[in-house]
Amino acid sequence: MRWKTRRRVVDLTEKGLIVGILNVTPDSFSDGGQYLDIPLAVQHAIGMLQEGAEIIDIGGESTRPGAAKVTEEEELARVLPVIRALREASNCLISIDTSKAEVARQAIEAGADIVNDVTGLKGDVNMAKVCAQTDVGVIVMHMQGSPDTMQDQPVYEDVLREVRKYFEERYRTLTKLGVNPQCLCFDPGIGFGKTLDHNLQLLHGLSTLQVNNRPVMLGVSRKSMIGKVLGLEDAEDRDTGTVALTSMGRLAGAQLHRVHEIRRNYEAMRMAEAVLHNGEA
């Protein structure tokens, strides 16, 4: 399995990747306000790379439930200086976490290699065109509703079937719009318009969600579902639960794991891969 990004093609046949989260926002649920200073943000990114991350996912607008919308100008002002500074410091893969086409375009010009869009490229009519023209890696996430409404009583008849059907539709539509199929990656959107039961069903059936041999990214780091299961109110206390899901998710076929805490998730992923590939030629 190969995944094409703007900078290079990544071979995911045997080894997955850790995606380090870098939020340059004041209001993200876990690390909001911690990395608004550019040198501090870059230092944190380099630290994540040294611990095993291979992609740094930079976001300038919180997508937590109920988060306030951010203007295009404000989002650009937050992310572009960090992308430029990190690109000068490292040849790592950089992902821009945005649903705005113009933010994606300018982020790519500044050095980003991947677009991570929580709306599945539905939030901005120009996003597919930007991604197709620049040949970046594209992470297509499933979300029911929008961040300000997504947790208002989400309902599915069969969440696994519906998420897979959404991936299949997105694959057909985006490739028709010119997006290279080798650039696509899919994310089931744990916590985005799903109840705890929906999230657990998706995790249980994760191995059934792969479409057209495209990679799957799992983003569960420190999310409220872990807090609900383990009775943990503070997001920072949910890292052990995250590690457990990273290991399980890798065994179930997820190739990318988007996390806050790197080292333990990297080690869990590599141990899962040792089990996964034991005895294979």
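The values are calculated or read from the model by the stated rules, or taken from the named source; none is laboratory data. Since this is a predicted model, take the numbers as computed values, not measurements. Please note: Cβ atoms are built from the backbone with ideal geometry, for glycine as well, and neighbour counts cover all protein chains shown.
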Going by the conditions given, is G193 in contact with a Ser or Thr (Cβ under 6 Å, 6 or more places away or on another chain) and assigned to a loop (DSSP other than H, G, I, E, B)?
no
Out of K129, K122, sole residue that is surrounded by fewer than 21 Cβ atoms within 10 Å (Cβ to Cβ) and out of contact with any helix residue (DSSP H, G or I) (no Cβ under 8 Å at 6 or more places or on another chain):
K122
When residues of the stretch 48-69 are limited to those that are surrounded by 21 or more Cβ atoms within 10 Å (Cβ to Cβ) and touching a Lys or Arg at 6+ places or on another chain (Cβ under 8 Å), the one nearest to M217 (Cα to Cα):
D57
Taking the conditions exactly as written (part of a helix (DSSP H, G or I), modelled with pLDDT of 95 or more, out of contact with any Gly (no Cβ under 9 Å at 6 or more places or on another chain) and surrounded by 15 or more Cβ atoms within 10 Å (Cβ to Cβ)), does A45 satisfy them or not?
no
Looking at the stretch 119-144, which of its residues are at pLDDT 95 or above, in a loop (DSSP other than H, G, I, E, B) and aliphatic (A, V, I, L, M)?
L121, V125, V136
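Do the conditions hold for T175, that is, is it free of Cβ contacts under 8 Å to residues at least 24 places away in the same chain, crowded, with 16+ Cβ neighbours inside 10 Å and either farther than 25 Å from R6 by Cα or over 19 Å from the mean Cα position of the chain (by Cα) (or both)?
Values: free of Cβ contacts under 8 Å to residues at least 24 places away in the same chain: yes; crowded, with 16+ Cβ neighbours inside 10 Å: yes; either farther than 25 Å from R6 by Cα or over 19 Å from the mean Cα position of the chain (by Cα) (or both): yes.
Yes, satisfied.
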Count of residues meeting criterion [within 24 Å of T5 (Cβ to Cβ), in contact with an Asp or Glu (Cβ under 8 Å, 6 or more places away or on another chain) and part of a loop (DSSP other than H, G, I, E, B)] in the stretch 213-233
2
List pairs: first in the stretch 87-98 and among the basic types (K, R), second crowded, with 20+ Cβ neighbours inside 10 Å and in a strand (DSSP E or B), Cβ under 7 Å, 6+ apart or cross-chain?
R87/I94
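Pick out the one residue from G249, G227, G219 that is on the phi < 0 side of the Ramachandran plot and touching a Leu at 6+ places or on another chain (Cβ under 6 Å). Outline the logic, then answer.
Working: G227 fails: touching a Leu at 6+ places or on another chain (Cβ under 6 Å); G219 fails: touching a Leu at 6+ places or on another chain (Cβ under 6 Å).
Just a single option satisfies the conditions, and that option is G249.
Could you tell me how many of the residues in the stretch 234-281 are part of a loop (DSSP other than H, G, I, E, B) and in contact (Cβ under 8 Å) with a residue 40 or more places away in the chain?
Our first condition is that a residue be part of a loop (DSSP other than H, G, I, E, B); within the stretch 234-281, this holds for 234, 252-255, 260-262, 277-281.
Remaining after also requiring in contact (Cβ under 8 Å) with a residue 40 or more places away in the chain: 252-255, 260-262, 277.
Number satisfying all stated conditions: 8.
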Filtering the stretch 238-264 down to residues that are of a type in the set (S, T, N, Q) and under 15 Å from I226 (Cα atoms), which residue is surrounded by the fewest Cβ atoms within 10 Å (Cβ to Cβ)?
T240
Condition test on T208, is it surrounded by 18 or more Cβ atoms within 10 Å (Cβ to Cβ) and farther than 28 Å from V125 by Cβ?
no
What residue, of T208, T242, is over 22 Å from M1 (Cα atoms) and of a type in the set (S, T, Y)?
T242
Counted residues in the stretch 178-202 being in contact with a Gly (Cβ under 7 Å, 6 or more places away or on another chain) and at pLDDT 95 or above come to 5
Inspect all residues belonging to the stretch 243-252 and state whether any of them is β-branched (V, I, T) and closer than 30 Å to A128 by Cα.
yes
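When the residues of the stretch 64-85 are filtered to those that are among the hydrophobic types (A, V, I, L, M, F, W, C) and over 14 Å from S99 (Cβ atoms), which remaining residue is modelled with the lowest pLDDT?
Within the stretch 64-85, the first condition is being among the hydrophobic types (A, V, I, L, M, F, W, C), and the residues that meet it are 67-68, 70, 76-77, 79-80, 82-83, 85.
From the residues that got through so far, the ones that are over 14 Å from S99 (Cβ atoms) too are 68, 77, 80, 82-83, 85.
Numbers: A68: 72, A77: 93, L80: 96, V82: 96, I83: 97, A85: 96.
Per the stated criteria, the residue is A68.
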Count of residues meeting criterion [under 17 Å from E54 (Cα atoms) and either among the charged types (D, E, K, R) or without any contact (Cβ under 8 Å) to a residue 60 or more places away in the chain (or both)] in the stretch 99-115
3
